[in-house]
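Engineer: Mind looking over this structure? Questions follow.
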Amino acid sequence: AAAPGTGGDGRQDGARDGRQDSGRGEPKTLWGSSEPRPPAAGSGQPSPQQRTETLGFYESDRGRKKKRSLSDLSLLRFISAELTRGYFLEHNEAKYTEQRERVYTCMRIPKELEKLMFFGIFLCLDAFLYVFTLLPLRVFLAMFRFITLPCYGLRDRRLLQPAQVCDMLKGVILVICYFMMHYVDYSMMYHLIRGQSVIKLYIIYNMLEVADRLISSFGQDILDALYWTATEPKERKRAHIGVIPHFFMAVLYVFLHAILIMVQATTLNVAFNSHNKSLLTIMMSNNFVEIKGSVFKKFEKNNLFQMSNSDIKERFTNYVLLLIVCLRNMEQFSWNPDHLWVLFPDVCMVVASEIAVDIVKHAFITKFNDITADVYSEYRASLAFDLVSSRQKNAYTDYSDSVSRRMGFIPLPLAVLLIRVVTSSIKVQGVLAYVCVVLFYCGLISLKVLNSIVLLGKSCQYVKEAKMEEKLFNPVLTATPGKPAGKQQGTFKSTQGISTDENGSTSVTNQPVHQKENMPSLLVTSNSDQFLTTPDGEEKDISQDSSELKHRSAKKDLLEIDRFTICGNRID
């Protein structure tokens, strides 16, 4: 007789066994049918593909005597698996290395940023001291040359050199605006602002900041237009409205900008003298609004360079405003030294808030845009290049004007306001007082000369470290960006590096040589431009050829970026 489950009745016995097994609670097959599993060849065990999968484990075979206990599928086993579960970070080594570098970059940002700020603030100080120290002396030398001109005769058919004409224009604008500021009553403005509510003053302060940025962008263009109109060669066809209209526009701009800064200083003075200090707290909290408006924007290297220049200018301007506030308060308290310690905590709070906001803002901008901390060294080298190039024999602009274009810092309105406040706060009477004024002026000149020497040495060091000497010694003929090469007309650009005299000595302080009218402009460019070039930065150079506009993309160098250059993003 056939064995049970085999032979002729094997199929029925197998089916019966399968029904009995399913009745005992055995799980069904993967397809959910109750048909028996076909045995594997050479064995009575089913294949792994036909086993039921539960939580990553296969069901044990029917032939095993030891069944899996129900406790293996319990909550205790799940908790045990969660507690003993492991993983390996080296499987994604690149990602975690990048995250660690971002942390190190954020830790380096405060140091690198403050090194740039420190260098930039001293650049602004050098341009600011120039107005009080060397500019009056240069104006005196230009007037002496103009008076004694008949004794020497005309050598190059010019009454004065272009730099001397610009110096005299600056001096005349400074004197006229100073006398115009006497008609503005500071005390009346102070009490008028003090009578306003806190929320009104907060709105006024924000409006003043926006107006200062807008008027600065337009003011430097007005001054540059005046300088070029006054020094443009007369042989050319007249394409301007005249020197006198430009001069009145410049005087009006400097006067209005000085009044705007005076209102800012007055508002800050009211906040300092308020009893509950709530206004000062609200005004300082306005700095943290910059974080919200800047951090979550897309920034490139050029945009971050603009923001860094703006922060340098804003910090230096705040230092001058704090100086004005302290002078006005000390005058009201008869120069009592004890009152200075009363103002000291508020001054420290303003400075600390500015530093904290700048650090946080730049740290997160570099984090979100994958910008390394080494970019601030490039920015510092770019600012140093401006200082070194302004000392060349054929420099095309004064250094103070270069700082104005690069950072948006215009020293004339701020100098007019500071002179007005100092002369109204300090009374000079007696011979000893005038001697002290002369000694103070000599001290300012010494500070200016010392600051210029140190800055020039540091700038040469930064330029050498950045390997930018080729831009000084090996200039290349190029066209001005945005214009065809054939349409260049009389633009004064930096033409050559540090020159060599007949005796073989280098010269960086000689008078510029007048260029010919039809001589094309020379831009200081070389292959080292790749160092200060944003990889994805593009600009459109438009030229007309057969009534068609052809656009070509070019890399924009940091040396071509000033405070108000649009780089495809919002300027902050």
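Engineer: Can you order the peptides 74-82, 401-409 by their average number of other Cβ atoms within 10 Å per residue, highest first?
Structural biologist: On the way: 74-82: 10.1, 401-409: 23.4.
With the highest mean Cβ count within 10 Å placed first, the list reads 401-409, 74-82.
Engineer: Follow-up question, since we're still on this one. If you project the alpha carbons of the range 258-336 onto their three principal axes, what span does each projection cover, largest first, in Å?
Structural biologist: Rounded to whole Å, the extents work out to 51, 25, 22 Å.
Engineer: Related question: Order of 412-421, 289-298 by packing, highest average Cβ count within 10 Å first? Mind showing how you got there, number by number?
Structural biologist: Details: 412-421: 22.6, 289-298: 13.5.
Put in order of decreasing packing, that is 412-421, 289-298.
Engineer: Can you give the charge dipole size of the range 106-470 about its Cα centre, rounded to the nearest 20 debye, using +1 on the beta carbon of Lys and Arg and -1 on the beta carbon of Asp and Glu? Mind dumping the intermediate values first?
Structural biologist: Numbers: 37 positive and 30 negative charges, 125 e Å.
For the range 106-470, the charge dipole is close to 600 debye.
Engineer: Another question, if that's okay. Of 176, 146, 363, which is farthest towards the positive pole of the range 106-470's charge dipole, taken about the Cα centre with +1 and -1 on the beta-carbons of Lys, Arg and Asp, Glu respectively?
Structural biologist: Most positive-ward Cα: 146.
Engineer: Rounded if a/c is under 1.5, else prolate if a/b is larger than b/c, else oblate: which is the range 106-470, with a ≥ b ≥ c the root eigenvalues of its Cα gyration tensor?
Structural biologist: Numbers: a/c = 1.66, a/b = 1.17, b/c = 1.42.
Oblate, because a/c is 1.5 or more while a/b does not exceed b/c.
Engineer: Taking +1 at the Cβ of each Lys and Arg and -1 at the Cβ of each Asp and Glu, which of 388, 262, 228 sits farthest along the dipole of the range 106-470 towards its positive end, judged by Cα position relative to the Cα centre?
Structural biologist: 228
Engineer: Now for a separate question. Starting from the range 107-190, pick out the trypsin sites (Lys or Arg not before Pro) whose DSSP state is loop and whose Cβ has at most 15 other Cβ atoms within 10 Å. List each step's numbers first, then the result.
Structural biologist: On the way: sites: 108, 111, 115, 138, 145, 155, 157, 158, 170; in loops: 155, 157, 158.
Passing sites in the range 107-190 are 155, 157, 158.
Engineer: If you don't mind, there's one more thing I want to ask. For the range 106-470, report the accessible area per residue in Å² (1.4 Å probe, heavy atoms, rounded to an integer).
Structural biologist: Working: 17580 Å² over 365 residues.
About 48 Å² of surface per residue is accessible.
Engineer: In whole percent, and with a 1.4 Å probe on the protein chains, what portion of the accessible area of the range 106-470 is carbon and sulfur?
Structural biologist: Values: 12340 of 17580 Å².
Ligands and nucleic acids excluded, carbon and sulfur reach 70 percent.
Engineer: Just flag the chymotrypsin sites (Phe, Trp or Tyr not before Pro) in the range 299-343 sitting in loop per DSSP whose Cβ has no more than 15 other Cβ atoms within 10 Å.
Structural biologist: Working: sites: 299, 305, 316, 319, 333, 335, 341; in loops: 299, 333, 335.
Taking the range 299-343 and a limit of 15 other Cβ atoms within 10 Å, the loop chymotrypsin sites (Phe, Trp or Tyr not before Pro) found are 333, 335.
Engineer: Could you sort the peptides 434-447, 369-382 by per-residue average Cβ neighbour count (10 Å cutoff), highest mean leading?
Structural biologist: Working: 434-447: 11.7, 369-382: 18.5.
The densest-packed peptide leads the list: 369-382, 434-447.
The values are calculated or read from the model by the stated rules, or taken from the named source; none is laboratory data. Because the structure is a prediction, the values reported are computed rather than measured. All Cβ positions, even for glycine, are placed from backbone atoms using ideal geometry, and neighbour counts span all protein chains on display. Remember, those area values only see protein heavy atoms, side chains included, never the ligands or the DNA or RNA. Shrake-Rupley method; radii C 1.70, N 1.55, O 1.52, S 1.80 Å.
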